[in-house]
Every structure is written in structure tokens, then in C-alpha cells.
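Okay, structure first, notes after.
Values quoted throughout were computed directly from the atomic coordinates according to the rules given, and no laboratory measurement underlies them. Remember, predicted model here, so these are calculated numbers, not experimental data. With ideal geometry, Cβ positions are generated from the backbone for all residues, glycine too; neighbour counts draw on all protein chains shown.
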Amino acid sequence: MSFTRREPKKEPQPEEKVIEINAQMDGALTFGDPVNLLITGKFTGKLDTKGILTVGPTSQIEANIQGDNIILAGKVKGNVTAKRMLVLMPTAILIGDVTTPKLNIVEGAIFQGRCQMMDDFLSVDDLAQYLEIENPAIIELAETGKIPAIKDDNGWKFERSKIDQWAAAGKVKL
């Protein structure tokens, strides 16, 4: 009798979809849901994305860019705010100011501007998931000053490093 090793069934993975823009566009481009966006043409205006934004090596962008993860390989003139990470590939030319918690400049990239390394900020939803606490409890802790928080026009935000210090100090009491 022979036995064959049975491989576990793999769940089918959704095909990663990439939206590619290979055209000349002017205006504002905003994505509310996470996407994998690749720009290979010319764009002028404002870009506001979630997910991954890749500016291809032949791209020419004149825009302020905001997104989660941004990879630049082309020419960009404008300010860039990456909420998670910004990568400047060897062919990238960036003229503008940068705000990001993580920055990777690969040898050969050109960057002219100022850089502000911000800490990683969490929303109420993100922090509730991070601490495994219900949203109303997070809001109550913030409103009573029992958790390090910053109030702005969009509600509460939380600096991850301060939350980690707060939790490590044993101040998590509900």
C-alpha cells in the first residue's frame, strides 16, 4: 500500500488588480478605497489615494500627492505625504517636501526639498483593533485624558509610539 502526501487545499486568492493610468490627465484624482494604482503618463493636479501608488519611470507628475504607500520612479514636482512609507527608486526625481513615517531613498534617486518624519498615527478604528478594545471605550479614554491622544477636525488620532509606551507602562485599565 502506498501513501502519498496530501497537500492542504489553498484558498483561492483574489487576483491583485492594478489600475494603470497611461494618459495625460489634469485635475483631482481621489480613491476612497484601497487600490493598487500605477501611473505611467503625465498627471497635473492633486492625487489622494489609499493602498499603493506607483509612479512609473516614464511618468511626469505635477501634483501634491497623499497616500498610504507611495513608490516613485518617475519625475514628481509637488509635496508628497505618505501615511505609511515612501520609496524613491533610482530613476526618481522628486522636487517637493515629504512627510512620512518611513522613507527609503535608493541610490541614484534625486530629492530636493524638506523631509518631515512623522510618527505613525492611528484612527479610533485602528487603535480599537490594535488594542482589542471597543471603539466607545477608546473614545471615552481619549475624552477623559486617560490615553495619549490628539483631537483634530476629523476626530481623535493616536501616535503609535506613545500608545506603545502607555500600554507598556501598564496604564491600560478599563
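Taking the fewest neighbouring Cβ atoms within 10 Å as the starting point, the ordered list for Glu143, Glu107 is Glu107, Glu143. Candidate values (1) 20.6, 71; (2) 18.1, 62; (3) 15.0, 43 were compared with Rg and Dmax of the Cα atoms in Å computed on the shown model; the agreeing label is (1).
Contact order, relative form, for region 25-101: 22 percent (alpha carbon pairs under 8 Å, 6 or more residues apart, mean separation divided by residue count).
If you rank Lys83, Lys146 by fewest surrounding Cβ atoms within 10 Å, what's the result? Each step should come with its number before you reach the end.
Working: Lys83 18, Lys146 14.
Ordered by Cβ neighbours within 10 Å, fewest first: Lys146, Lys83.
With contributions of -39500 (n - 2.57) from each DSSP H run of at least four residues, the per-residue ellipticity at 222 nm computed over the chain stands at -4000 deg cm²/dmol.
Given R0 = 35 Å, the distance between the Cβ atoms of Arg114 and Asn36 translates into a calculated FRET efficiency of 0.75.
Between Ser161 and Ala137, the contour length at 0.36 nm per residue exceeds the alpha carbon distance by 6.7 nm.
Residues within the reach of a label modelled at Arg84 (point 7 angstrom out along Cα to beta-carbon, backbone nitrogen below 19 Å), restricted to region 48-72, are 48-56, 65-72. Entry note, the chain: relative contact order of 10 percent, from Cα contacts under 8 Å with a spacing of 6+ residues. Available extension along the chain between Ile93 and Glu20 is 24.2 nm, counting 0.36 nm per residue and deducting the alpha carbon span.
As a rough footprinting exposure proxy, the listed residues Thr49, Thr44, Thr99, Thr30 were ranked by other beta carbons within 10 Å of their own, and the order from fewest upward is Thr30, Thr44, Thr99, Thr49.
DSSP finds beta bridges in the chain, and of those with both partners inside it, around 10 percent are antiparallel.
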